[in-house]
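Below: one structure, written as C-alpha cells.
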Amino acid sequence: MTLVETPHSPEAAFATTQRWSEYTDEQHQVWQLLYRRRIRELAGTASHIFLAGVKSIGLDEHRVPELDAVNGRLAALTGWRAVPVSGFIPATEFFQCLALRRFPTTVTVRPREQLEYIEEPDIFHDVFGHVPLHSHPIFADFLQRFGEAAAKVSDPTDMTRMSRLFWFTVEFGLVREAGKIKIYGSGLISSTADAANALGPQCDRREFDLDAVMQQAFEIDRLQDVLFVIESYDELFEAVERL
C-alpha cells in the first residue's frame, strides 16, 4: 500500500458547533420517535455490547443527545470523542479522525417526514447508530487501528478495499452471540428495513473472512444481498492487525 502522512485535527475544515439549546421541540420529538421505535426492536436483535453501550454513554430517549455530556462518559471509558461536523467529510480525513479516537458526528436532525430513510447522515444515525459501540474497549481499539491503517492509504484500489471493510463491519456488521446472529453495524442499528433484511431469508450471511470482505463490492442505495458475521469483536481487532 502507498502511504501518506496523517495531519493533526483532520476535521478542522468541516467542524461546526452543536448549539444544543437551539434544537426545537419538534426535533426532540423526532429523536424520541426514532429512539423508542428502534430500541424496542433492537432489544431482541442487537448485540448486547451495543445495548450496554446505549446505557454507558447516557442516551436519553426524550431528547437529542448533548455531545459534551456523551463525550464526558466516553472519555472515561475508552478515550473516544464525538466531534461535530457539518456533514460528509472526505474519506481520508474521516479515517484520520478515527486514528485519533475522534468520530465525526453530524448534529442535524432529520425531518419528521423522513423518519424511515434519509440520504445523508444525521445525529440519530451517527450517535445512536455508531457511538454506543465506542464505549466498548475492544471495538474502540479496533476502530482506532482501522483508522490508522486506512489513513495511510493513497492508492485508489487499496482505499476501495478499506471502504469495503468499514462497510461490512462498522456500517453493516453482524455478530454471533449465544448461538444467535445479532446486528451491530450502524446502518442496521438505525434502520428498521435494513435490520429486517439483514436477519431475513433474502440476505446471504457469510462467515467473516478479511480477504473475502475486502473483495466484496456493495451498493449504498439498496438492501444488502451479502453480509458478514463475526464470532466476537476480538475477531475485528485481529483482522485489522493484519493490515
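The values are calculated or read from the model by the stated rules, or taken from the named source; none is laboratory data. Predicted model, so just to flag it, every value in this text is computed and none were measured. Using ideal geometry, Cβ is built from the backbone for each residue, glycine included, and neighbour counts are taken over all protein chains shown. Only protein heavy atoms, including side chains, enter the accessible area calculation; ligands, DNA and RNA are left aside. Shrake-Rupley method; radii C 1.70, N 1.55, O 1.52, S 1.80 Å.
Here are a few things to note about the model shown:
- In nm, spacing of pseudo-spin labels at residue 119 and residue 226 (7 Å Cα→C-beta vector): 2.7
- Efficiency of FRET from Cβ geometry, residue 215 and residue 19, R₀ 41 Å, rounded to 0.05: 0.40
- Proximal aspartates and glutamates to residue 180, defined as alpha-carbon separation beneath 20 angstrom and excluding residues fewer than eight positions away on the same chain: 41, 171, 194, 204, 207, 209, 225, 231, 234, 235
- Within the chain, helix-based [θ] at 222 nm, where runs of 4 or more DSSP H residues each add -39,500 (n - 2.57), nearest 500: -12000 deg cm²/dmol
- Residue among 23, 125, 39 farthest towards the positive dipole end of region 18-159, charges placed on Cβ: 39
- Calculated translational diffusion coefficient of region 78-218 (37 °C, 0.692 mPa s; Stokes-Einstein with Kirkwood radius over alpha-carbon pairs) equals 206 µm²/s.
- Note on the chain: with charges restricted to the Cβ of Lys and Arg (+1) and Asp and Glu (-1), its dipole about the Cα centre is near 580 debye.
- A cut-off under 11 angstrom between Cβ atoms defines the neighbours of residue 18, and their net charge, with Lys, Arg +1 and Asp, Glu -1, is -2.
- Rounded to 5, percent antiparallel among DSSP beta bridges of the chain: 30
- Extents of region 1-81, taken as max minus min of Cα coordinates on every principal axis and listed largest first, are 44, 33, 26 Å.
- Where the chain is the region considered: accessible area per residue in Å², 1.4 Å probe: 47
- The residues packed around residue 52, meaning those with a beta-carbon under 13 Å from its beta-carbon, carry a net charge of +2 if Lys and Arg are +1 and Asp and Glu are -1.
- Projected label distance in nm at residue 63 and residue 180, using a 7 Å step from Cα toward the beta-carbon: 3.4
- The relative contact order of the chain comes to 22 percent, based on Cα pairs under 8 Å that sit 6 or more residues apart.
- Modelled spin labels at residue 234 and residue 138, positioned 7 Å past Cα toward Cβ, are 0.6 nm from each other.
- The fraction of accessible area contributed by carbon and sulfur in the chain is 50 percent, rounded to a whole number (1.4 Å probe; ligands and nucleic acids excluded).
- Which labelled figure in [x] 18.1; [y] 20.4; [z] 20.0 is Kirkwood radius over Cα pairs in Å, once derived from the coordinates: [x]
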